[in-house]
Amino acid sequence: MSSAEGVVLVIGCGRRPYREYLLSSAAARHPLWLFNESELTWQREHVRGGTVVDLLDRDAVLTAARELAATTPVLGVLSWDEMLIVNTAHVARELHVAGAGVSGIEGCRDKVRSRRVLTAAGVAQPRFDFARDETQAVAAAERIGYPVIVKPRGLGASFGVVLAADAEAVRDAFRAAEAVSLLAAPAYQGGALVEEYLSGPEISIDSAVVDGRCTPLFVAHKTVGMQPYFEELGHVVNAADGLLSDPRLLSTLAWAHRAIEFRHGVTHTEVKLTERGPVIVEINGRLGGDLIPLLARFATGIEPGAVAVDVALGVHPEIPRAAGNRCVGVRFAYPLQDCVVESVTVPECRPDNGVLAAAALVGPGARLELPPTGFISRHAYVICAGGDPDDCAALLDKALAEVRLTAHALLPSAAPSG
């Protein structure tokens, strides 16, 4: 199909190490047009054309979309960038193509709205409150019971999420969450959610939703660390994961999507497996980050970028089901302290070490700052395949130990004299 016959509009593509595989997969399914914040470079080989536009300026994005549609039929629109999914929903509505719906996507993006809607619908939720200042945050924590989770209302990837065990910790966590919220759109800035801490393993499920019907694609098991923060250290996808057929989990997943009125799109839902059953942590109106869709491609043969295109076109995707018990995981390398990078080396990909992919995520001169100053300060990743979760974990441990970081410590700024 030529671009004259129609394109799928992709709004934002993200950083090359994390998202090129999605753009490539999507392009293999259908011709793409990319809206990007800067001139296209590596993206050019994957798209029919592009438009440079301020992606956070909704009016500018809508104007550019109308101008594109006046010359080239736009058959669908999608984004896998958390910061851009609301603008994407507005474009879908403007161009009368399939989309989650503005209300549905706000049910994902605005964590306060999501909590209220899901709780009202009876979907299993942690107890929660929204606090506009430290005093309200402490009062909410005391009503809910310690420990609590404090987090911003409009960010993903565990940015600014903090575990607090007492009033003083809640005050510190509130300040951290509110400061990080300034990275979000103005509508989601200020204040913080205070939530019940849920014990149990955490998973994520990426799903395709067409005409409101939710089809799970793959499950990832998450590893977090650096408490009281929740840095995402790695994920594992098992092609034969029994949770894909767990009736209680699937019922909760479908129920949650119906509650927020999510119509068309792909979602990344985070769930805690608690003693009282699966509890929704949050629904994100996009494919998962942290290379999770790439793990799924290695493990299952699913092409998540192609699935996203199918759904954007309003088509139920065909989902291959892999035979066997192939497990694929990723681990991210973090520095031991705040630093400035000099060099990063990673292990080779060889059949005997199980490494499918490994790459540096930063170059010389990059500043890496750990929580609470910075988040997701990674210098490399490794991806390994194993026959079962334990085998995969062992290979990941070995591969991560072979990552080498040379850096010098980033010293705190000196206090002004006088």
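The values are calculated or read from the model by the stated rules, or taken from the named source; none is laboratory data. Not measured: the values here are computed from a predicted model. Positions of Cβ are backbone-derived with ideal geometry, glycine not excepted, and every protein chain shown enters the neighbour counts.
Below are the figures for this structure:
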| quantity | calculated |
| --- | --- |
| Number of positions in region 271-281 that are assigned to a strand (DSSP E or B) and closer than 16 Å to Thr119 by Cα | 7 |
| Yes/no for Gly265 being buried (at least 19 other Cβ atoms within 10 Å of the Cβ), among the small types (Gly, Ala, Ser), at positive phi and modelled with pLDDT of 90 or more | yes |
| Single condition Thr51 does not satisfy, out of (1) crowded, with 21+ Cβ neighbours inside 10 Å; (2) of a type in the set (Ser, Thr, Tyr); (3) touching a helix residue (DSSP H, G or I) at 6+ places or on another chain (Cβ under 6 Å) | (1) |
| Strands (runs of 3 or more DSSP E) contained entirely in region 284-373, each with at least 1 residues that are on the phi > 0 side of the Ramachandran plot, in contact with a His (Cβ under 7 Å, 6 or more places away or on another chain) and of a type in the set (A, V, I, L, M, F, W, C) | none |
| Residue match in region 62-76 (condition: under 28 Å from Glu282 (Cβ atoms), part of a helix (DSSP H, G or I) and touching a Gly at 6+ places or on another chain (Cβ under 9 Å)) | no |
| Check on Leu294, buried (at least 20 other Cβ atoms within 10 Å of the Cβ), in the same structural domain as Val266 (by TED's automatic domain parsing) and either closer than 16 Å to Pro17 by Cβ or of a type in the set (Lys, Arg) (or both) | yes |
| Flag if Val382 is in contact with a helix residue (DSSP H, G or I) (Cβ under 6 Å, 6 or more places away or on another chain) and of a type outside the set (Gly, Ala, Ser) | yes |
| Leading residue by the ranking (farthest from His96 (Cα to Cα)) among those in region 45-61 that are assigned to a helix (DSSP H, G or I) and within 24 Å of the chain's Cα centre (by Cα) | His46 |
| Residue among Leu78, Leu56, Leu22 that alone is aliphatic (A, V, I, L, M) and modelled with pLDDT under 95 | Leu56 |
| Any hit, region 89-106, residues being over 30 Å from Asp211 (Cα atoms), over 21 Å from the mean Cα position of the chain (by Cα) and in contact (Cβ under 8 Å) with a residue 12 or more places away in the chain | no |
